[in-house]
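Working notes, beginning with the structure itself.
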Amino acid sequence: MQSCGRWWGRLAARGAAQHLRPAAAAGGPRRQQQRWGGGEATRCIEQLLPRHDDFCRRHIGPREREKREMLRAVGVQSVEELMDKTIPASIRLRRPLRMDDHVGNIYEALKICETFHNILQWSMLVTQYTPYQPEVSQGRLESLLNYQTMVCDITGMDVANASLLDEGTAAAEAMQLCHRHNKRRKFYIDARCHPQTIAVVQTRANYTGVITELKLPHEMDFSGKDVSGVLFQYPDTEGKVEDFSELIERAHQNGTLACCATDLLALCILKPPGEFGVDVVLGSSQRFGVPLCYGGPHAAFFAVKENLVRMMPGRMVGVTRDASGKEVYRLALQTREQHIRRDKATSNICTAQALLANMAAMYGVYHGSDGLKDIARRVHNATLILAEGLRRAGHKLHHDLFFDTLTVTCGCSVKEVLDRAALRKINVRIYSDGRLGVSLDETVNEKDLDDILWIFGCESSAVSEQQIMQGHGGQLYLFHRNFFAYHCLSPLENLTTKRSCLQSFLLQHLRILFVCMFKPISWKEFANIHPFVPLDQAQGYQQLFKDLEKDLCEITGYDKISFQPNSGAQGEYAGLAAIKAYLNAKGERHRSVSVNSCLGRNWGNGHVSGLTYVPGMMVFLFCVDKHKENLAAIMITYPSTNGVFEEEIGDVCDLIHKHGGQVYLDGANMNAQVGLCRPGDYGSDVSHLNLHKTFCIPHGGGGPGMGPIGVKNHLAPYLPTHPVIKIQMDKDACPLGTVSAAPWGSSAILPISWVYIKTMGAKGLKHASEIAILNANYMAKRLEKHYKILFRGVRGYVAHEFILDTRPFKKTANIEAVDLAKRLQDYGYQYKEDECLLDGGLTFQKCQSRL
Ligand SMILES: *Cc1c(COP(=O)(O)O)cnc(C)c1O
């Protein structure tokens, strides 16, 4: 985006309207430039906007005068001097990031892609991280509780969680739950599950030591009592609705758990899995009001029988009473989480899909039980009409009982059908054996049905098919349920839910409903693409992935990025799995020890990536020596969670490499490093980047997020792949497997990071990091007379965060960290219960909300 920002500055400085920007600019998507290159409208807007609409200035809090004051307080002459004193000289990046010139202001970026403004508006509403702070999260918690209630009602299960990342990972969590429950190593998967679900479960099983077997129900033998669980899909990937009660009975007789992947809309008119004895129910709630988004973000649901509640992964919202006895909402069962249970954690879910779960909940509340049933019936009836037409035109349908999906063997030439489909711009699923698949959703109308009938060479129309059907009285056998009937949500203490909360919720949140939910849906260019369309139909997305990959590589010093992991924890798992796959390929299978020097949230991943964690921190050098024979990796957070740029980082990386291990650097919080130093330069092999932390994606109060991983060249062949969409890789690649259901994770939120990087530019990005460090040092300076600052770098400066010691107050005033944190909350600052950190990120968040 050559010179736009610079040009803009010049224009504003001279106040001169006659300076027209050059028509063609280097770099960036070509089509977009043309649109933005010459137009009169563009010029008008530019002239109208005042200079302070530079995005970078809006994004970064302190102004020049404030910066000077802060620098004086910290005791340095310039930001540059502070950086020299904070960051080890050996790792400093001594040149500017090589990136396209920044786009200056947000309106420019919007012109690059006119439709971005919807999601940016949306972003202002939803910046919080996980709702650890019930005092300021009651609205979101209430809505998540609605989501849980809705999932329980529709699936017929006892308890549901507040969302997981996607259907594939939910299935993998189900597999792990079964394994934890009865400690058996074998897990059966019905071969008729979605291919991406199978791939994600198999990959996870591979790294956790679970053995999966792909079978059809009649081939499944449970009598050895060695099968932990069985996963099947209802309706299955070909659309067939089948009765699984016999399979479940056989499984249960032998102590095997039954897991059912399913579809909420289908369950509005089908018998729910809870009524035929299933132990775990999971799936995607995408079709409850969330667009396809080229794969995500979507919320997965996960529900279990009462006896399994303590094994359920992810978060759960419950009802309790506050100090005054009023009923309030808060997260329940947090004790399972990794930052509390450390290496014994049963869940590595930090970011889930809170915002998407809220959208689905609002969709459910908005339509109500009758509305949902109507939608389901409409979809199903349309499918019945289509089926009738196809049959009468001589095509063979493979299943008699279905909900919204048909699998067809054509009675005519498949090529003809596909050619006609291309003419009408309709995608059909093509099975490897030549069969075709068609799925309908709630948007289907008469014209669509006529088109599909035409594609398959049927002469009749939807209307005539319907008339014929009514003559026959044909219908599917349906079970009806009272969807929103009073339903005791959970057996846990203090957990109840009332029907009235749904109603009050509806009134209170209608506004948010429209702002949050319908805006992004109206963003159709990005929203309405199925993740499995042929690549040539998603060129815009592909271009955006390439562009973003290029910038993120330059920022991190890595060679290749995978956008598949859809959270930080997923990124860690993918990165560790890539290391394991690399070591295995080198014939070093025995290397399985990962030394963990991170504080915090990463523990659950040891189990999922097949590595054994040794808690490291201060003692890690000792650990490295002790484990050098079997050393696979070190996980290191840098700057450390203590808030320090350790001088020895380069030496540590060398040491690990010398012992044959790999370095995983936790890049969740790159905001102290962007533009200042690069993990890829000082010896790290792989990192995940939390785009929802450092790269501006609003976090939705607990998701969506994106945790892409960057790797050095030697790990690139092991990055994730996908069973349906072939991700471009080298010929000799041997991918680690599949970590998410969608090939590029939560694709639809990547444009936000793209816009952020373009509008900040190389200079702006670097300045944001400098200010994060300045903010933290200023705060530390101001507070140091009153509190002990626990850790500092060798020259006395902190990184982007620091730890205050509040323990003395416990003795003198009986005040604890959490009391201080609650008081901070009164001023709009967030905290986490197990740690009370002040970091530059706080200021960063405040700036964002000024946008
Ligand atoms: C936030 C965070 C994670 C986890 O990221 P999620 O996207 O919430 O899964 C991991 N490591 C560190 C250091 C973090 O701050």
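The values are calculated or read from the model by the stated rules, or taken from the named source; none is laboratory data. Not measured: the values here are computed from a predicted model. Neighbour counts run over all protein chains shown; Cβ positions are idealised from the backbone, glycine included.
With respect to N671, is the statement that it is out of contact with any Leu (no Cβ under 9 Å at 6 or more places or on another chain), surrounded by fewer than 24 Cβ atoms within 10 Å (Cβ to Cβ) and within 24 Å of M760 (Cβ to Cβ) true? Step through it out loud before you land on a result.
Values: out of contact with any Leu (no Cβ under 9 Å at 6 or more places or on another chain): yes; surrounded by fewer than 24 Cβ atoms within 10 Å (Cβ to Cβ): yes; within 24 Å of M760 (Cβ to Cβ): yes.
Considered against the rule, which asks whether it is out of contact with any Leu (no Cβ under 9 Å at 6 or more places or on another chain), surrounded by fewer than 24 Cβ atoms within 10 Å (Cβ to Cβ) and within 24 Å of M760 (Cβ to Cβ), N671 comes out as yes.
Looking only at the stretch 647-704, filter to residues that are β-branched (V, I, T) and closer than 22 Å to V595 by Cα; which one of those is nearest to the chain's Cα centre (by Cα)? Talk me through it step by step, then tell me what you get.
So the first thing to find is which residues in the stretch 647-704 are β-branched (V, I, T), and the list is 649, 652, 656, 663, 674, 686, 694, 697.
With the extra rule that they be closer than 22 Å to V595 by Cα, the set shrinks to 649, 652, 656, 663, 686.
Working: I649: 30, V652: 31, I656: 31, V663: 24, V686: 19 Å.
Filtering the stretch 647-704 for residues that are β-branched (V, I, T) and closer than 22 Å to V595 by Cα, the one nearest to the chain's Cα centre (by Cα) comes out as V686.
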Worksheet item: Conditions: (1) assigned to a loop (DSSP other than H, G, I, E, B); (2) modelled with pLDDT of 95 or more; (3) not hydrophobic (A, V, I, L, M, F, W, C). G702 meets all but one. Number of the miss?
Response: (2)
Worksheet item: Here is a list of conditions, (1) modelled with pLDDT of 95 or more; (2) within 16 Å of the ligand (Cβ to nearest atom), and C553 meets all of them except one; can you say which number that is?
Response: (2)
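With over 30 Å from G437 (Cβ atoms), in contact (Cβ under 8 Å) with a residue 40 or more places away in the chain and either of a type in the set (F, W, Y) or crowded, with 21+ Cβ neighbours inside 10 Å (or both) as the only criterion, which of Y558, Y541 stands out? Don't jump to the end; show me each part of the working.
Values: Y541 fails: over 30 Å from G437 (Cβ atoms).
Answer to the selection: Y558.
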Worksheet item: Which of the residues that make up the stretch 562-577 are more than 7 Å from the ligand (Cβ to nearest atom), in contact with a His (Cβ under 7 Å, 6 or more places away or on another chain) and not in a loop (DSSP other than H, G, I, E, B)?
Response: G571, G575
Practice prompt. State which residue pairs qualify: first residue free of Cβ contacts under 8 Å to residues at least 40 places away in the same chain and inside the stretch 72-84, second residue surrounded by 13 or more Cβ atoms within 10 Å (Cβ to Cβ) and assigned to a helix (DSSP H, G or I) in any location, beta carbons under 6 Å apart, and separation of 6 or more residues or different chains.
Written response: V76/L82
Worksheet item: When the residues of the stretch 397-446 are filtered to those that are under 22 Å from K240 (Cα atoms) and basic (K, R), which remaining residue is surrounded by the fewest Cβ atoms within 10 Å (Cβ to Cβ)?
Response: R435
Worksheet item: How many residues are over 19 Å from the mean Cα position of the chain (by Cα), crowded, with 23+ Cβ neighbours inside 10 Å and at negative phi when one looks only at the stretch 737-763?
Response: 4
Item to complete: Output the residue which, of all residues in the stretch 647-688 that are away from the ligand (no atom under 16 Å from the Cβ) and among the small types (G, A, S), is farthest from L736 (Cα to Cα).
Response: G675
Worksheet item: Among (1) among the hydroxyl-bearing types (S, T, Y); (2) farther than 25 Å from Y573 by Cβ; (3) touching a Phe, Trp or Tyr at 6+ places or on another chain (Cβ under 9 Å), which single condition is S753 missing?
Response: (2)
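Is it the case, given these coordinates, that S594 is assigned to a loop (DSSP other than H, G, I, E, B), within 15 Å of the ligand (Cβ to nearest atom), modelled with pLDDT under 90 and among the polar types (S, T, N, Q)? Explain how you work it out, then say what you get.
Working: assigned to a loop (DSSP other than H, G, I, E, B): no; within 15 Å of the ligand (Cβ to nearest atom): yes; modelled with pLDDT under 90: yes; among the polar types (S, T, N, Q): yes.
No, not satisfied.
Would you confirm whether or not the stretch 179-192 contains a residue that is part of a loop (DSSP other than H, G, I, E, B), free of Cβ contacts under 8 Å to residues at least 24 places away in the same chain and either surrounded by fewer than 21 Cβ atoms within 10 Å (Cβ to Cβ) or on the phi < 0 side of the Ramachandran plot (or both)?
If we filter the stretch 179-192 for residues that are part of a loop (DSSP other than H, G, I, E, B), which is where we start, we get 183-185, 191-192.
Retained after the next criterion (residues that are free of Cβ contacts under 8 Å to residues at least 24 places away in the same chain): none.
Within the stretch 179-192 (the criterion being part of a loop (DSSP other than H, G, I, E, B), free of Cβ contacts under 8 Å to residues at least 24 places away in the same chain and either surrounded by fewer than 21 Cβ atoms within 10 Å (Cβ to Cβ) or on the phi < 0 side of the Ramachandran plot (or both)), the answer is no, since none of the residues qualifies.
Any idea how many residues of the stretch 697-708 are over 27 Å from E142 (Cβ atoms) and more than 9 Å from the ligand (Cβ to nearest atom)? Steps first, answer last, please.
Let us first name the residues in the stretch 697-708 that are over 27 Å from E142 (Cβ atoms), namely 707-708.
Now narrow it down to the ones that are more than 9 Å from the ligand (Cβ to nearest atom): 708.
So the count comes out to 1.
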Worksheet item: Among the residues of the stretch 344-369, how many are within 15 Å of the ligand (Cβ to nearest atom) and at pLDDT below 80?
Response: 5
Discussion item. Exactly one of these conditions fails for T641: (1) surrounded by fewer than 24 Cβ atoms within 10 Å (Cβ to Cβ); (2) away from the ligand (no atom under 15 Å from the Cβ). Give me its number.
Written reply: (2)
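Right, N713: away from the ligand (no atom under 16 Å from the Cβ), under 23 Å from Q662 (Cβ atoms) and over 23 Å from the mean Cα position of the chain (by Cα) or not?
Values: away from the ligand (no atom under 16 Å from the Cβ): yes; under 23 Å from Q662 (Cβ atoms): yes; over 23 Å from the mean Cα position of the chain (by Cα): yes.
Yes; evaluated as a whole, the condition is true for this residue.
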